[in-house]
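Contents: one structure, followed by commentary.
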Amino acid sequence: MSQSEGAVGTYKKWDFDARMEVEKQDRRKVPKGVLSLLAFSPERAITLLYVLLALAFVLFTTLAIVNLQRVSAAWEALEQARTRSENSHATAWHNLSEVQHALDQQLSAELEVIHSRLLNVSREVENARWKMTQCKAGCGKELSDRVRVLEERDTLEPVLRQLAEVKQEQSRASALLDAALEGTRNLSEILCTSCPAGWQQFAKTCYFFSDTTKPWPSAADFCAGFNAHLAVIDSEQENKFLANHIMGNRVFWLGLTDAHKEGDWQWVDGRSLSLTFWNSGEPNNVGHHGEDCVTIYSSGHWNDATCSNSEAWICERSC
Ligand code: MAN
Ligand code: CA
């Protein structure tokens, strides 16, 4: 071997050793997995770069789409909120305008009323002013007339005083007269002297015994014409008094009837029947038409008889 060949061989050996050393160091620095990746040709590296770029693009696109969707949802919500806000705004505005319209109407009505009142007041003022103008002439005279009357009253004073005294005397006399009349009335009630002529008096009551005869209804009418009614018996004494005025076999109508309801005897003055003096076997309601009116015998006993019979009668009234 030549020297130059020896030098080249030495160089080659050195170069190889250096490369081995570098690889050794690189192997120490880089992880094992990457090592396998890095241990590729430039074409594979470029391909790897493209793949990485594609992945980055896909990732970016996905993120962009997601974000776009979020933005779109937010926008939609915003739009809805805006619509709601607009709607509520419109409703509030509508309500407000209605309230304003109502207030306007009310205000104008009130103004109308106030205006008409003012008109009335101004008319009254005008009227009063006119009256005052009219009065200027007449009222002065009226006033002076009144003053004159007052002046005349001064001169009439003694006469008026006397007149008042006379009036007082008159009212005193009138009171005395009233008291006297009241006393007379009481006395006449006690004595019962005011029975009409031909009437009999018993216990503050006047009685009329007829001489003629009539059916019961006509007899009742007769009594009513004297502000009286057919006799109503309230006591044994009264029954005896009436019986004592009946002579012989005469009978007289009393104010007792059951014409409205058979068996329900009632006095003509509305008093109920509590005390009775029926004859033995009475009331028997005999005859075709029955017997609905009552007579009294001289014995003081009673009999029901036919109302259309013509009998004498007894009227009764207070003194
Ligand atoms: C007559 C009528 C009756 C009465 C009888 C009594 O018939 O007066 O009312 O009841 O006599 O016998
Ligand atoms: Ca009878």
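Let me confirm something: among L254, L273, which residue is within 16 Å of ligand 2 (Cβ to nearest atom), surrounded by fewer than 18 Cβ atoms within 10 Å (Cβ to Cβ) and touching a residue at least 12 places away in the same chain (Cβ under 8 Å)? Show your work before the answer.
Details: L254 fails: surrounded by fewer than 18 Cβ atoms within 10 Å (Cβ to Cβ).
Going through L254, L273 in turn, the sole match is L273.
Taking strands (runs of 3 or more DSSP E) as the structural unit, those lying wholly within segment 208-319 and holding at least 2 residues that are under 60 Å from the mean Cα position of the chain (by Cα) and among the hydrophobic types (A, V, I, L, M, F, W, C) correspond to 252-257, 293-296, 312-318.
Yes or no: C307 within 13 Å of ligand 1 (Cβ to nearest atom) and crowded, with 17+ Cβ neighbours inside 10 Å? It is true that C307 is within 13 Å of ligand 1 (Cβ to nearest atom) and crowded, with 17+ Cβ neighbours inside 10 Å. The residues listed here are G263, G270, G287; of these, the one that is farther than 19 Å from D234 by Cα and away from ligand 1 (no atom under 13 Å from the Cβ) is G263. Per this entry, L242 is counted among residues that are open to solvent by less than 30 Å² (accessible area, probe 1.4 Å) and touching a residue at least 60 places away in the same chain (Cβ under 8 Å). Going residue by residue through segment 77-89, is there one that turns out to be assigned to a helix (DSSP H, G or I), modelled with pLDDT under 70, on the phi < 0 side of the Ramachandran plot and open to solvent by 70 Å² or more (accessible area, probe 1.4 Å)? Yes: segment 77-89 contains one or more residues that are assigned to a helix (DSSP H, G or I), modelled with pLDDT under 70, on the phi < 0 side of the Ramachandran plot and open to solvent by 70 Å² or more (accessible area, probe 1.4 Å).
The values are calculated or read from the model by the stated rules, or taken from the named source; none is laboratory data. Computed from a predicted structure; not experimentally measured. Because the Cβ atoms are built from the backbone with ideal geometry, glycine has one as well, and the counts that use them run over all protein chains shown. These area figures cover heavy atoms from the full protein model, side chains too; ligands, DNA and RNA do not enter into them. Shrake-Rupley method; radii C 1.70, N 1.55, O 1.52, S 1.80 Å.
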